[in-house]
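Each value in this text was obtained by applying a stated rule to the coordinates, not by laboratory testing. Quantities reported herein were computed from a predicted structural model and do not represent experimental measurements. Neighbour counts are summed over all protein chains in view; Cβ atoms, including those assigned to glycine, are modelled from backbone coordinates with ideal geometry.
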Amino acid sequence: MMFYGYVFTLIAGGILLGASIVFGGGGHDADVDADGAGHAGAEDHAPGAFGGALAMLVSLRFWTFFLAFFGLTGIVFTMFDLAPALITGLAAFLMGAASGVGASVIVKRLSSRDSNSASSSADYVGKTALVMVPVGKGQLGKVRLTLKGTTIDVLAATDEELDFATKDEVLIVEMDGTTARIARLER
């Protein structure tokens with residue numbers, strides 16, 4: 001009788017896992033707070049370790065992996081008669097819990113890394129750029145640089161007396177809003 005329970009949980013977990021692969025998760029995990037209010041990323045709003053554990057337990061990702069690996073472990077142990085029913089159930093529970101926690105923690109850590117592709121002013125400072133439109137004191141120009149794997153053109157200004165010509169290589173020393181302050185590149 002327990003065998004069919006394992007089959008059911010494997011199928012349920014497999015359907016959830018397959019749906020998340022086919023339809024994509026969009027990088028969000030649907031969660032529900034203890035008060036029943038649903039939102040994405042509950043683990044970011046729950047205080048302390050207890051709140052984080054509670055958020056994980058109501059996470060769809062946790063239950064997807066729990067069900068799939070609980071069922072798979074139970075089926076394998078039962079089919080190959082590897083242990084008595086009580087040990088099989090305990091092994092299935094532990095494998096499901098470990099898989100659910102592991103998947104939740106791994107995805108949370110990967111998604112919490114600096115995945116922001118927007119650049120800040122600090123990202124520009126110290127970078128070299130190529131003058132595209134001549135720049136002089138009191139005269140805006142344009143420079144091109146590669147930032148985070150993308151080629152970007154930005155307005156440029158300088159406090160130096162000598163003008164910068166097209167194709168000059170320069171150093172960005174400061175960002176003033178969206179305008180790069182440039183200086184001669186010392187070689």
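What to note about this one:
- The distance from the alpha carbon centre of region 141-174 to that of region 62-97 is 61 Å, rounded to a whole number.
- Length-normalised contact order of region 121-184 in % [C-alpha pairs under 8 Å, at least 6 apart]: 37
- Taken along its three principal axes, the alpha carbon spread of region 121-184 comes to 31, 21, 16 Å, from the longest extent down to the shortest.
- Neighbours of Thr178 by Cβ distance under 14 Å: Lys/Arg scored +1, Asp/Glu scored -1, total -2.
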